[in-house]
Amino acid sequence: MKLRSVLLGASALALLSVGSAKADGELFFYNWSNYFPPELMEKFEKETGIKVTLDVYDSNETMLAKLQAGASGYDIAVASDYMVDVMIKEGLATEIDAKALENFGNVAKPHDTMKYDPERKYSVTYLWGTTGFTYDASLTEADMEQSWKEFFEPREEFRGKIGALNDEVEMYNAASYYAGVEKCTEDPLEAQKVLDILLKQKPFIAVYSSEGTIDRMSAREVSMHMQWNGAAHRTKETVPEAVFVYPKEGLTYWSDHFVVPTGAPNLENAKTFINWMMKPENAAEASNYAGYMNSIKGTGEFMDASLNSDPAVNTPEEYAGLLIPGQNCSVKARDLRNRVWTKLKS
């Protein structure tokens with residue numbers, strides 16, 4: 001994802017570090033990079049008078065580590081499904097009783113509940129999608145398999161021209177699907193199979209980065225990239241030959257959620273923002289920008305037709321059975337996964 005945000009200035013960082021200052025009329029927003037429309041942020045500021053300061057991260061684990069380290073000045077963080085569970089269990093999320101917000105009635109099923117927050121006490125769905133990989137079909141005459149094999153054991157024309165997400169969870173999950181082992185395995189022998197796949201692929205990787213995937217493909221710096229499906233959709237705007245793959249071994253289905261971190265200095269402003277984002281026209285603008293589907297009813301009339309016509313975004317029925325939901329693994333499994341990732345990156 002391309003960094004396209006207003007980063008926290010020195011004064012804001014100081015506020016975040018002490019976590020005790022009050023900031024009436026402000027909102028400190030912690031989100032993935034290039035994942036929220038700048039124009040929509042300006043619209044929110046104009047309509048509410050609340051000034052938004054945006055800080056960005058490149059993975060759920062980066063966000064979690066910062067919150068665990070004591071950064072208590074954020075009013076809203078965007079967390080993936082399994083990370084919502086972690087934040088709640090570690091006392092890093094504030095109860096906001098989302099169902100009591102005026103616009104919660106706009107939330108479509110099944111997003112009115114979620115596995116890790118069934119009563120929606122802590123979270124509201126922002127956007128949702130899948131993680132696969134995209135390749136430039138103009139660069140090969142081969143009939144590409146619908147398989148992670150094309151990514152992990154690439155054909156000659158793609159070797160050295162592959163972008164991978166710099167994301168421990170996404171890369172480990174994909175390799176585990178290809179290896180045929182449970183992504184939350186606690187068995188070191190199964191984790192070794194995942195590591196073997198990742199190490200074998202490593203010489204063919206041009207870059208591990210979760211930012212700039214769209215620009216990298218558009219500039220032809222790489223010809224294949226692990227991507228979230230919304231990024232794949234946006235890649236097609238400049239690379240019409242780009243193809244998003246639904247691997248037969250399975251791919252992760254995920255959802256991202258607005259969560260108010262513990263210690264948020266502007267709790268009421270956070271609720272105002274979340275409630276505002278449940279208006280159909282605002283949710284649709286976020287989808288149109290990011291390229292992902294939202295959770296709000298009534299957005300159809302505001303959505304770009306290209307989203308519904310793109311199989312990368314609107315998953316074809318024949319691929320629906322391939323989608324594997326996110327999962328919060330056990331501590332033992334997470335430790336094993338982290339050791340595999342550390343070994344890969346060393």
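The values are calculated or read from the model by the stated rules, or taken from the named source; none is laboratory data. These figures come from a predicted structure and were not determined experimentally. Positions of Cβ are generated from backbone atoms using ideal geometry, with glycine treated the same way; all protein chains shown enter the neighbour counts. Areas reflect the complete protein model, heavy atoms only, side chains present, ligands, DNA and RNA absent. Shrake-Rupley method; radii C 1.70, N 1.55, O 1.52, S 1.80 Å.
Translational diffusion of the range 177-293, estimated by Stokes-Einstein from the Kirkwood radius over alpha carbon pairs at 4 °C in a medium of 1.567 mPa s, is 73 µm² per second.
Rolling a 1.4 angstrom probe over the protein heavy atoms with all chains in place gives the range 50-137 an accessible area of 35 Å² per residue. Neighbours of V313, meaning other residues whose beta-carbon lies under 13 angstrom from its beta-carbon, give a summed charge of -1 when Lys and Arg score +1 and Asp and Glu score -1.
Solvent-accessible area of W148, all protein chains in place: 0 Å² (probe radius 1.4 Å, heavy atoms, ligands and nucleic acids excluded).
For P261, the shell of other residues with beta-carbons less than 13 Å away shows a net charge of -3, using +1 for Lys and Arg and -1 for Asp and Glu. Along its principal axes, the chain has C-alpha extents of 57, 44, 38 angstrom, given from the largest down. Projected onto its three principal axes, the C-alpha set of the range 219-346 covers 43, 43, 33 Å, listed from the longest axis down.
Give me the dipole magnitude in Debye, nearest 20, for the range 77-231 about the Cα centre, with unit charges on the beta carbon: positive for Lys and Arg, negative for Asp and Glu.
Rounded to the nearest 20 debye, it is 140 debye.
Overall, the accessible surface of the range 144-288 at a probe of 1.4 angstrom is composed of carbon and sulfur to the extent of 48 percent.
Which number do you get for Rg(Cα) / (2.2 N^0.38 Å) in the range 231-278? Walk me through the numbers before you get to the answer.
Details: Rg = 18.0 Å, N = 48, 2.2 N^0.38 = 9.6 Å.
The reported ratio for this selection is 1.88.
In whole angstrom, the range 93-172 maps to an equivalent ellipsoid with semi-axes of 41, 14, 10, each derived as √(5λ) from the alpha carbon gyration tensor and ordered largest first.
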